Amino acid sequence: MAASKSIVHIDMDTFFVSCERLLDSRLNGKPILIGGTTDRGVVASCSYEARQFGIHSAMPMGLAKELCPEAVIIKGNTATYSKFSNDVTEIIKEKVPVYEKTSIDEFYMDLSGMDRFYGCMTFATELRERIMKETGLPMSFGLSQNKTVSKIATGEAKPNNKIQIKHGAEKPFLAPLSVKKIPSVGAKTYHTLKTLGVRQIKTLQQMPVELMDSALGKNGVSIWKKAQGIDNSPVVPYNERKSISTERTFDKDTIDVLKLKGLLTAMAENLAFQLRRGQKLTACVTVKIRYSDFNTYTLQRRIPYSAADHDLIPLVVELFNKLYNKRLLVRLIGVRFSHLVGGGYQINLFEDSEERIKLYQAMDHIRDRFGDRKIMRASGMEAKTISRFNPFNGESPISLANRRQ
C-alpha cells in the first residue's frame with residue numbers, strides 16, 4: 001500500500017483587500033470593494049464586511065453600491081498585488097522544495113514524508129506565521145492527503161486560520177458541505193446536480209458512479225471521486241520560466257512596417273486568448289526580431305499580471321518600436337508571454353467595465369467554437385495561419401506557430 005501524501009493548500013485571505021489595508025490602515029474593518037469604480041464596472045474582490053451584504057466578485061459595481069452604499073470603492077493596482085504575491089512566493093520558494101503556484105494568491109505544497117522528521121502541520125504552521133510576520137498579510141491553509149480536500153479545507157478554515165484533515169477522515173469532513181465546495185463544480189454543473197436532488201456532498205458520496213457518468217460524463221466521474229476524497233493529481237513544481245510564444249519566418253525578408261505591426265498585433269491577440277482559455281496570466285512580455293543578416297535581438301518588460309488584449313497588444317507594439325532598426329530587412333518576428341501563473345481574468349477587472357468583460361467573453365466564445373482566427377482585429381488580418389492550439393495541454397515553453405508565410 002502506497003504511503004499517504006501530505007498536501008498543503010495555501011490561500012491569502014481576501015488578497016487584494018489585505019494588500020490595500022497594509023497600505024492604508026484606515027480601511028481596516030470597513031466594507032471594501034475593489035474593481036471598476038463606475039456603475040458599469042465589476043467587483044474584482046471584496047472584504048468580508050462587504051460580503052455580509054450579499055456582495056461577491058464579478059458582481060456589477062452599481063448593484064454592489066446599492067447593496068452597501070457605505071462601502072469604500074478602490075480601483076485596484078495590479079503592480080501592488082504582483083509585488084506582494086512575489087514576496088510570498090520568495091518565502092515559500094526558500095522553505096519548500098516542491099510547491100505549485102496556481103494563482104497570484106494561491107499555492108500547493110507537497111510535504112510528503114516530512115512527518116518522519118519534523119511534522120507537516122508544525123512546518124506549515126511555522127511557514128504561515130513567517131509569511132504573516134514578514135508580509136503582514138493574513139492567510140489560511142488546509143492540510144490533507146490530496147489537493148482537493150486541502151483546498152476545500154482551506155475554504156472552511158477562513159478567515160485567517162488552518163485545518164488539518166487526517167488520513168481516513170476525508171469523507172466525514174466533506175459529507176455535510178455543499179457540492180458547490182468541490183473544485184470544478186460551477187453554476188451549470190450545480191444546476192444539473194440539483195435536478196438530480198444533489199445539494200450536499202453526502203448525497204453525492206452515496207450515489208453510484210454510473211449515474212454521475214451518465215449525467216455529466218467524465219467530469220461527473222471526476223466530481224464523484226472528489227466527493228469521496230479521492231484525488232491523485234500531483235503538485236506540479238512551479239517554474240517562473242513557463243511561457244507561450246509564437247514566431248513567424250518570412251519567405252522574403254521585409255521592411256513593411258505596417259505588415260510587421262499587423263502580424264505582431266495578431267500574435268499578441270492570439271496569445272492573450274490562449275492565456276484566458278488556459279486560465280493563465282503573464283508577468284513578462286518579450287518581442288523578438290531576426291534580421292536578414294541572421295542577427296537576432298529581443299526586448300522584454302516585466303508587467304503586472306494580465307491576460308487582457310488592451311494591456312498586452314500596445315506593449316508588444318511599443319517594444320517592437322524600440323527594437324526595430326528601420327535600415328535592415330526583417331527575416332523573423334516573434335512574441336513570448338512568460339512568468340505565467342493561474343488566475344483567469346479576475347485581476348484585470350480593476351479598469352474594466354461590464355461591457356468590456358462581456359465583449360471578451362463573447363469573442364473568446366466565438367474563437368472556442370469556430371476557431372481562433374474567426375474574429376480578430378483588422379490590423380492583424382494577414383496573420384491567418386496562426387493555428388488553433390491549446391498550449392496548456394503540453395509542456396512549456398511552447399511555440400504556438402513557427403511556420404513560413
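What follows draws every value from the coordinates through simple rules; no lab data is involved. The shown structure was predicted, so the numbers you read here are calculated from the model rather than taken from an experiment. As a convention, Cβ positions derive from the backbone with ideal geometry for all residues, glycine included, and neighbour counts pool all protein chains shown.
Amide H contacts for residue 303 (H built 1.01 Å from N in the peptide plane; partners 5 or more residues away or on another chain; cut-off under 5 Å): 284, 285.
Here's how it looks for residue 58: its modeled amide H is under 5 Å from those of 43, 44, which are all 5 or more places away or on a different chain. Sorting 38, 195, 78 by the number of Cβ atoms found within 10 Å of their own Cβ, with the fewest placed first, yields 195, 38, 78.
Here the Karplus curve 6.51 cos²θ - 1.76 cosθ + 1.60, taken at θ = phi - 60°, turns the phi angles of region 100-108 into couplings of 10, 9, 9, 7, 4, 9, 9, 9, 10 Hz, with x standing for Gly and Pro.
By other beta-carbon atoms within 10 Å, ranking 19, 284 with the fewest at the front produces 284, 19.
Just so you know, the averaged projected area of the alpha carbon convex hull for region 168-237 sits at 5.0 nm². One way to sum up the overall shape of region 6-131 is the equivalent ellipsoid from its Cα gyration tensor, whose semi-axes run 34, 14, 13 Å, largest first. Hand me the trypsin sites (Lys or Arg not before Pro) from region 148-251 located in a DSSP loop with no more than 12 other Cβ atoms within 10 Å, in residue order please. Loop-located and lightly packed - 166, 241. Three principal axis extents describe the C-alpha atoms of region 201-263; from largest down they are 67, 29, 18 Å. The ranking of 118, 190, 81 from fewest to most other beta carbons within 10 Å of each one's beta carbon is 118, 190, 81. Of the cross-linked pairs 30/93; 162/242; 181/226; 95/280; 147/280, those separated by over 22 Å at the C-alpha level are 30/93; 162/242; 95/280. Only sites in a loop by DSSP and with at most 13 other Cβ atoms within 10 Å count here; which trypsin sites (Lys or Arg not before Pro) in region 48-109 make the cut? Hits after loop and neighbour filter: 75. Restricting to DSSP loop positions (anything but H, G, I, E, B) with no more than 11 other Cβ atoms inside 10 Å of their own Cβ, which chymotrypsin sites (Phe, Trp or Tyr not before Pro) remain in region 5-53? Answer in residue order: no site qualifies.
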